[in-house]
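See structure below.
The values are calculated or read from the model by the stated rules, or taken from the named source; none is laboratory data. Please read these numbers as outputs of a predicted model, since none were measured by experiment. Because the Cβ atoms are built from the backbone with ideal geometry, glycine has one as well, and the counts that use them run over all protein chains shown.
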Amino acid sequence: MMPGPELLIACPACDVLAKVFSPGMGDSYGAIIWSDGFRDAPMMPRPPRITRCHHCAHIFWVGAAIPCGYLDPESPNPDPAWTSAPYVAPLDEAGFLEAVASGAAHDTESELELRVAAWWRGNDRFRVDPAQTGHPTSEQACENLARIIELTAEGDETLLLFRAEALRHLGRFAEVETTLEGVVCSDFRPAKTKQLDWTRSGNRDLHVLFEDGPLPSTPEPEA
């Protein structure tokens, strides 16, 4: 990956600086699509869309922060306050759920983004080791999945795939099959087929869906 310029932003709550890396140019080599919709593309990292201030702990959308300028890598005398600023950090599962509870979601679309991101971060423990499998089991994670199911009930076919996976994680297999009846686009047939196979075998675990191959675009909250 070829990095781009670094943006300096100020926390909306305390004005302390942080850096946001630019994704620059990359490729999808080594990318993995997981059954929960998460796309792991090591060669195409992207900055977080929401973060926690390293100074005051305020959670804020990166796009709503105050832009202060770009770091010039060619500058002979860069401002030490700028160069020493840490990069914005991604939230973990608890952080995303805290963001929802604190009212960071300003509509149902942003609520879904935050809740899906919390789901993904909770599932990360199953991505580390291919031999390790599992599904969300904590009360908080299951409540989050139930809300995702509500938010995607009237969604398009992409969102129905998210809904089906959330239902499968909860073991609501009959509802998975009903939901997948609404997925008719041929582009989604491979994903639908795998979902049905796992459902009919009573499997609730997270799986690799595709490797090194693109899927139609899906909502991708940042890690």
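Observations on the model:
- Within region 76-157, helices (runs of 4 or more DSSP H) holding 1 or more residues that are of a type in the set (Lys, Arg), closer than 26 Å to SER22 by Cα and modelled with pLDDT of 95 or more: 108-123
- When the residues of region 191-207 are filtered to those that are farther than 18 Å from ARG125 by Cβ and within 22 Å of the chain's Cα centre (by Cα), the one that is surrounded by the fewest Cβ atoms within 10 Å (Cβ to Cβ) is LYS194.
- Remark: pairs (first residue in region 58-70, modelled with pLDDT of 95 or more; second residue loosely packed, with under 15 Cβ neighbours inside 10 Å and not in a helix (DSSP H, G or I); Cβ separation under 6 Å; 6+ apart in sequence or on different chains) = HIS58/ALA13; PHE60/PRO12; ALA65/PRO12.
- Residue check for ARG39: charged (D, E, K, R) and at pLDDT 95 or above: no
Okay, residues lined up against (1) in the same structural domain as PRO190 (by TED's automatic domain parsing); (2) within 16 Å of the chain's Cα centre (by Cα):
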residue	(1), (2)
LEU17	no, no
ARG46	no, yes
ARG49	no, yes
CYS56	no, no
CYS68	no, no
LEU71	no, no
ASP79	no, no
SER102	yes, no
HIS106	yes, no
